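Everything on this sheet refers to the single structure shown next.
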Amino acid sequence: MQNIEIPIWPYVYGGPSGTGKIRSLPEDFIVKENLSFEPSGDGEHVFLQIEKKGENTEYVARQLSRFANVRQRDVSYAGLKDRYAVTTQWFSVWLPGKADPDWTLFESDSIKVLQAVRHARKLKRGVLSGNSFKLIVRDWQGDQAKTIRQLELIKANGIANYFGSQRFGNAGQNVSKALGMFEGAKVGREQRSIYLSAVRSYLFNLILAERVAQNNWNQPVVGDTYQFDLSHSCFQSDQPDAEIIRRLEAKEIHPTGVLWGRGNADVSVDALAIEQAVIDTHPQLAQGLMASDVDRDRRALRVNVQDIRWQFIDDAVLELCFTLPAGSYATSVLREIIV
């Protein structure tokens, strides 16, 4: 099996200005899910907002199914969250015609139920508006003034919307394992999904890296497709006009890159040439995605980092708070300032 190494993706603000440790303690990495809607208060599904420490999402879901005496498939969540962190996450439990159990009895030293509210439909993947983070970087060393300048640039201009390293698995092996799968290796259904996602993410990051290298990751290229910041809907424009440039500068829209799969090209001219050059260098990965019936999609090349705040608690401890839309990675913020 060919080993595909995950490179260090190009930086947009000059590279890290310091070193430091994250996750020295679970409390150093705090994440809160933000729903894109308010549960109605009525219905067959109980939405639970749970704070967990040192537990992974799937473990909590299994424990909920046992506690509520329901099938595992009757417990849903919107996304996976890190284990070595303090995370506030939503779950739903289908309890048609049943009263709520005493959810406080589900609590433990590592799990707290913050609220329980009914809703008509189960919680689905992808319904989050985003995630809010509070991160502590310990043993920080570096150029504090440069770090602050970089954070000010991130606040003003956003970051390159790279998929985080966790997408590629331990030592980046998921892409290599996907290549083995495309060559005929048998894998389970869950692993297949993970490997396909890793390949799409890898090809996207390569395209974004090329746009960063060309210094147009946040600039219009002839033939680009753009994504609205709030709605995430897309539109294509062969020639950027003054309105597109204005909206890009206001961070109302973003250039996009392809999430490879079946379908027709939705960029043209120069933007298409950039994407096609990357795809052509990895034909086995590209063809493997299409043969696996993965449909083509788009992802913003830039992401706004919302409500970002920072402070040096002392010379060796940096605190960061910010919110990202669903699908973007806190590590893509951190990588710009620390290594």
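Bear in mind these aren't lab numbers, they're just calculated from the coordinates by the rules spelled out. Please read all numbers here as calculations on a predicted model, not as lab measurements. Note: ideal-geometry Cβ built from the backbone for every residue, glycine included; neighbour counts use all protein chains shown.
One table, with the values for the structure above:
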quantity	calculated
Lysines with Cα under 27 Å of Lys146, excluding same-chain neighbours fewer than 8 positions away	Lys21, Lys134, Lys155, Lys251
4 °C / 1.567 mPa s Stokes-Einstein diffusion coefficient of the chain, Kirkwood radius on C-alpha pairs, µm²/s	60 µm²/s
For the stretch 270-339 versus the stretch 127-186, the gap between their alpha-carbon centres in whole angstrom	7 Å
Net charge over other residues, Cβ less than 13 angstrom from the Cβ of Gln214 (K, R count +1; D, E count -1)	-3
Cross-link partners of Lys122 among lysines (Cα-Cα below 27 Å; sequence separation of 8 or more within a chain)	Lys32, Lys52, Lys53, Lys81, Lys98, Lys112
Sorted by Cβ density within 10 Å, fewest first, the residues Arg302, Arg189	Arg189, Arg302
Neighbourhood net charge (12 Å Cβ-Cβ; Lys/Arg +1, Asp/Glu -1) for Ala185	+2
Segment Glu44-Asp109, extension gain: residue separation times 0.36 nm, minus the distance between their alpha carbons	20.5 nm
Anchor Lys186: lysines whose Cα lies under 19 Å away (excluding residues fewer than 8 positions away in-chain)	Lys177
Computed E for Tyr11/Glu252 - FRET, C-beta separation, R0 25 angstrom, nearest 0.05	0.50
Relative contact order, percent, the stretch 37-126 [alpha-carbon distance under 8 Å, six or more residues apart]	49 percent
Length-normalised contact order of the chain in % [C-alpha pairs under 8 Å, at least 6 apart]	24 percent
Axial C-alpha extent at least 27 Å, average Kyte-Doolittle at least 0.0 - helices from the chain (DSSP)	189-213
Most fluctuating residue given options Ile159, Ile30, Ile313, as computed from a GNM of the chain linking Cα atoms under 10 Å	Ile313
Per-pair calculated FRET efficiency, R0 = 35 Å: Asp270 and Asp82 via Cβ, rounded to 0.05	0.35
Around Ile338: net Lys/Arg minus Asp/Glu count, Cβ-Cβ under 12 Å	+1
Chain lengthening between Phe67 and Val117 when straightened (0.36 nm per residue, less Cα-Cα)	16.3 nm
Leu35 versus Lys134: modelled label distance in nm, points set 7 Å from Cα along the beta carbon direction	2.2 nm
Diffusion coefficient, µm² s⁻¹, Stokes-Einstein with Kirkwood Rh over alpha-carbon pairs of the stretch 37-126 at 4 °C and 1.567 mPa s	100 µm²/s
